Amino acid sequence: EKYWPGGLTIVVKAKKRVPLLIQGKRKSKGTVGLRIPNHRLCLKILKRLKSGIVATSANFAGQPVPKTSEDIDPELKKQVDLFIPGKSGGEIASTVLDMSGKEFKILRSGAVSADKLAAALEELPLDK
């Protein structure tokens, strides 16, 4: 709750009912990344749907995070069903925290620092 909605993506083991199409590939097979963005329109859509949305980042792996809709690679735009023009919710990409294994690890540093994550995780009653 401390960083959701916000710039934190959490990777967890996928339940059997999660389609393979949206599970992680290669090294992260059998996992799924979860995020609640701090974006007014996205939050309204999520509330109305009462469900999650399967979405990709607005960039291909390894490419810079776009700041505006004009910065998004045209090839990526061709591959999505819905594109909502506008500005990104933040200057920094989300932090990706892998909680799918015995040890938690940061896969990508971003909006939430490692120190803040460590402090938040210490506050949780985790049964690992």
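All but one of (1) touching a residue at least 12 places away in the same chain (Cβ under 8 Å); (2) surrounded by 13 or more Cβ atoms within 10 Å (Cβ to Cβ); (3) touching a strand residue (DSSP E or B) at 6+ places or on another chain (Cβ under 8 Å) hold for G86; which doesn't?
(2)
Applying the selection to segment 89-124, what residues are among the small types (G, A, S) and either exposed (fewer than 15 other Cβ atoms within 10 Å of the Cβ) or over 20 Å from N38 (Cβ atoms) (or both)?
Passing the criteria: S100, G101, S109, S113, A114, A118, A119.
Starting from segment 14-30, keep only residues that are under 12 Å from V54 (Cα atoms) and without any contact (Cβ under 8 Å) to a residue 60 or more places away in the chain, then list their pairs with residues that are of a type in the set (A, V, I, L, M) and open to solvent by 50 Å² or more (accessible area, probe 1.4 Å) whose Cβ atoms are within a distance under 7 Å, requiring at least 6 positions of separation or different chains.
If the second residue must be of a type in the set (A, V, I, L, M) and open to solvent by 50 Å² or more (accessible area, probe 1.4 Å), the pairs left are I22/V54.
Considering (1) among the hydrophobic types (A, V, I, L, M, F, W, C); (2) in a loop (DSSP other than H, G, I, E, B); (3) within 22 Å of L124 (Cβ to Cβ), say which one L97 fails and leave the rest.
Looking at each condition in turn, L97 falls short on (2).
Across segment 13-43, which residue is nearest to the chain's Cα centre (by Cα) among those that are hydrophobic (A, V, I, L, M, F, W, C) and open to solvent by less than 40 Å² (accessible area, probe 1.4 Å)?
V32
Under the condition of being in a helix (DSSP H, G or I) and closer than 21 Å to G110 by Cα, which residue from segment 44-82 is least open to solvent (accessible area, probe 1.4 Å)?
By that ranking, first place goes to S69.
The values are calculated or read from the model by the stated rules, or taken from the named source; none is laboratory data. Remember, predicted model here, so these are calculated numbers, not experimental data. Note that each Cβ is placed from the backbone with ideal geometry, even for glycine, and that neighbours are counted across all protein chains shown. Side chains are part of the model used for accessible areas, which takes the heavy atoms of the whole protein and leaves out ligands, DNA and RNA. Shrake-Rupley method; radii C 1.70, N 1.55, O 1.52, S 1.80 Å.
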